[in-house]
Ligand code: GLY
């Protein structure tokens, strides 16, 4: 069967300050490549971009290595509150949940809300929706996250998790780390979608709202789609996902839109990263942080950014 459009896929598991240790790097690589392989095969078999990004998020939320779903970090009061969103580029439709607790896969709620007249729900409404959908109550806490929180409490919150959204060297001892997750896909019909999910930045105030369920952190049109990671406040201040997507929608090449947006973010001393696709199949990624945990399928092979230092370049593409 000849494909109408060659599908493309890029996913991320966070951005942060360091990636030390081969054991950590290879474990992250295995996790990300497994998701890319499975979701890309779905795209090849005709799954829509919107369904594919939900499935990718679902897999990443279920991997305790990443800070979304199972393995989410704890907030200042020791509770887990998760946020997730989905944007269907072809429909131009955003949906999401903010600070939802006791569900396994927040992205499922975001997906359900795509066809609802009320498309973004906060904590109370998300809990009501989960109850209406009869989703089983789920505890996303892992032993590692609990120990991290206890340690931070012990240190009187002196060291903040906010400066590190991905810390793969933790895998050397604990096989877990921090990091928002995101998936961006182009399907065989040339349609784009983006989905993003997070446990937040860790130790935040009760009620703090993440970028991951805002167009600042997750946005798509028929021309481009972007998912962000990093410090939510920095992403919101740059309105990064919408900024890149609008630039492409207005006629800029994805590569140039990424370069310009990341030059601005760097100038503004932001700590963030993003993955992106355009409707022509261009794949791009960028970061102002030191590392970006991303992997992609370019139609021929799987690649990743795990050893991409960036050096003087803030963005790259293929
Ligand atoms: N980017 C995830 C957060 O800051 O909540």
Near pairs, Cβ below 8 angstrom, 6+ apart or cross-chain, from the range 225-242 (at positive phi and in contact (Cβ under 8 Å) with a residue 40 or more places away in the chain) to any residue that is outside any strand (DSSP E or B) and more than 6 Å from the ligand (Cβ to nearest atom): 230/165; 230/270; 230/271; 230/288; 230/289
Taking residue 182, is it at positive phi and either in contact with a helix residue (DSSP H, G or I) (Cβ under 7 Å, 6 or more places away or on another chain) or within 16 Å of the ligand (Cβ to nearest atom) (or both)? no
Counting only residues in the range 65-111 that are away from the ligand (no atom under 14 Å from the Cβ) and in a helix (DSSP H, G or I), the one nearest to the chain's Cα centre (by Cα) is identified as 107
Given (1) surrounded by 21 or more Cβ atoms within 10 Å (Cβ to Cβ); (2) under 21 Å from residue 210 (Cα atoms), where does residue 62 come up short, assuming only one miss? (1)
Residues in the range 246-266 that are surrounded by 24 or more Cβ atoms within 10 Å (Cβ to Cβ) and out of contact with any helix residue (DSSP H, G or I) (no Cβ under 8 Å at 6 or more places or on another chain) total 1
Among the residues that make up the range 225-237, is at least one of them farther than 30 Å from residue 151 by Cα, surrounded by fewer than 22 Cβ atoms within 10 Å (Cβ to Cβ) and in contact with a strand residue (DSSP E or B) (Cβ under 9 Å, 6 or more places away or on another chain)? no
Test residue 38 against the stated conditions and say whether it is farther than 22 Å from residue 200 by Cα, away from the ligand (no atom under 16 Å from the Cβ) and under 18 Å from the mean Cα position of the chain (by Cα). yes
Number of the exception - residue 120 against (1) within 18 Å of the chain's Cα centre (by Cα); (2) within 17 Å of residue 60 (Cα to Cα): (2)
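Every number in this text was worked out from the coordinates using simple rules, so none of it is lab data. Quick caveat, the model's predicted, so the values are computed rather than measured. Because the Cβ atoms are built from the backbone with ideal geometry, glycine has one as well, and the counts that use them run over all protein chains shown.
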